[in-house]
Amino acid sequence: MVDRRGLAATMLAGILFGTSVPVIKLGLSFVPPNTFVTLRFLFASALIVFLLQGRGWMQRDLFRSRKIWIIGFINAFGYVLQFQGQLITSSSNAALIISTAALMIPVLSLAYVHEKMGMRKITGVLLGFIGITLLVTRGQPTNLGSSELLGDFLILGTAVTIALVFVLSKELVEKKGGRPVTGGIILVTAMLLLPTVAFDLSTSINLAPIALFYVVFLAVFATVGAYYFFMKGLESVSPTISSIILPIEVVVAVTLSVIIFGDPFNLYSGTGAFLIIAGIILVSSAT
């Protein structure tokens, strides 16, 4: 029997994760990308250090591990790509393309730890990447020089880094636990993002109250809060059941993007979105 509280925590985590992409798009109207992502992780780090350290989110010996710094670097690079990409592509495209990290994880696992891929995973991966093609092109000839296409490719790079972080951190999570590894990744990512702020010095920054709200929301709800409820769910439900977080996140992000920004959808992009979600469900439910 499924634990209702664990299931509710997992669903809440998916909803919170799903809010991040449209909120990032809103915040980029006020704060340049490198500064925005750095503020997000600095605030999240402060929450971990001052409020969650005693709850197992921080283990000092973890920072002596070379692996946590490699993972942190990949994570920081991925977030830089995401925030830069979201400047020039639609929020719904970003949400759907980021979600394909779930499709890349089994492929990377095959190469990294020689984990076998069954027919369900193979079918899911193929459906997902056909979906990406339909989503990005919308059935039209592709202009390789378009800014939106460049943004889509930057977001695709983010999806690759998310998959890499998942695969590379799996061993650390098994040894140290989910909370300290998550806390460690957030703290290391914040430190490695700091130098990127220098690239925004010539860009105007509008730290209006609404901009600060977006930063705090991302840090509290879409970062620390989402991970907290995700880990809480894992305590009482199986990883297979926890995989429902992936389609929930995508549906929330795309729905909000269409409502807030009026992102365009036609038959091709809608079909692409459907194939991506179907692929994610197949991959995440495969045992």
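The values are calculated or read from the model by the stated rules, or taken from the named source; none is laboratory data. These numbers were taken from a predicted model, which means no experiment stands behind them. Counting neighbours? That spans all protein chains shown, and the Cβs are built from the backbone with ideal geometry, glycine included. Side chains included, ligands, DNA and RNA excluded: accessible areas come from the protein's heavy atoms. Shrake-Rupley method; radii C 1.70, N 1.55, O 1.52, S 1.80 Å.
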**OP:** Could you list, in sequence order, all residues of the range 201-226 that are touching a Phe, Trp or Tyr at 6+ places or on another chain (Cβ under 9 Å) and not hydrophobic (A, V, I, L, M, F, W, C)?
**Re:** ASN206, TYR214, THR223
**OP:** Could you tell me whether any residue of the range 238-250 is more than 17 Å from ALA159 (Cα to Cα), at pLDDT 80 or above and not acidic (Asp, Glu)?
**Re:** no
Subject >> Pick from the range 159-216, criterion part of a helix (DSSP H, G or I) and hydroxyl-bearing (Ser, Thr, Tyr), ranking: nearest to LEU28 (Cα to Cα) >> reply: TYR214
**OP:** Could you list all residues from the range 11-37 that are over 16 Å from LEU87 (Cα atoms) and of a type in the set (S, T, N, Q)?
**Re:** THR19
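Yes or no, residue by residue, for (1) open to solvent by 70 Å² or more (accessible area, probe 1.4 Å); (2) at pLDDT 90 or above:
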site	(1), (2)
GLN140	yes, no
SER146	no, no
VAL165	no, no
LEU193	no, yes
Original post:
In the range 29-51, what count of residues is obtained for those that are of a type in the set (A, V, I, L, M, F, W, C) and open to solvent by less than 20 Å² (accessible area, probe 1.4 Å)?
Top reply: 6
Original post:
If LYS170 passes every condition in (1) closer than 26 Å to SER92 by Cα; (2) surrounded by fewer than 22 Cβ atoms within 10 Å (Cβ to Cβ); (3) in contact with a helix residue (DSSP H, G or I) (Cβ under 9 Å, 6 or more places away or on another chain); (4) not aliphatic (A, V, I, L, M) but one, which one does it miss?
Top reply: (1)
Original post:
Which number in (1) among the β-branched types (Val, Ile, Thr); (2) at pLDDT 80 or above; (3) open to solvent by less than 50 Å² (accessible area, probe 1.4 Å); (4) farther than 23 Å from SER45 by Cβ marks the one condition that THR203 misses?
Top reply: (3)
Original post:
Can we say LEU156 is assigned to a helix (DSSP H, G or I), modelled with pLDDT under 85 and under 25 Å from VAL254 (Cβ atoms)?
Top reply: no
